[in-house]
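Coordinate-derived values only; no laboratory data. Since this is a predicted model, take the numbers as computed values, not measurements. All Cβ positions, even for glycine, are placed from backbone atoms using ideal geometry, and neighbour counts span all protein chains on display.
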């Protein structure tokens with residue numbers, strides 16, 4: 001493993017999780033230049049892939065994971081969309 005590896009030292013960091021989903025969704029925009037639609041697409045997919053989620057709804061774990069990752073990886077998006085009122 002290298003320091004550039006998102007799983008470096010066995011820890012998957014928030015940016016690493018976002019990068020994995022960016023790659024899976026074929027989003028080539030750098031993480032610090034992603035627009036709101038790209039951020040929402042990544043977070044939506046993370047939510048649907050979380051335990052307790054179904055094809056039709058995102059479960060509690062997915063919602064909490066989406067909020068945590070949005071806060072840590074995209075704090076301006078989190079603030080701009082008032083997500084602190086959800087958490």
- prompt: For region 46-62, which residues satisfy the criterion of being crowded, with 17+ Cβ neighbours inside 10 Å and under 15 Å from residue 17 (Cβ atoms)?
  reply: 46, 47, 50, 62
- request: Considering only region 21-44, state which residues are loosely packed, with under 15 Cβ neighbours inside 10 Å and either within 10 Å of the chain's Cα centre (by Cα) or without any contact (Cβ under 8 Å) to a residue 12 or more places away in the chain (or both).
  value: 23, 26, 28, 29, 30, 32, 33, 35, 37
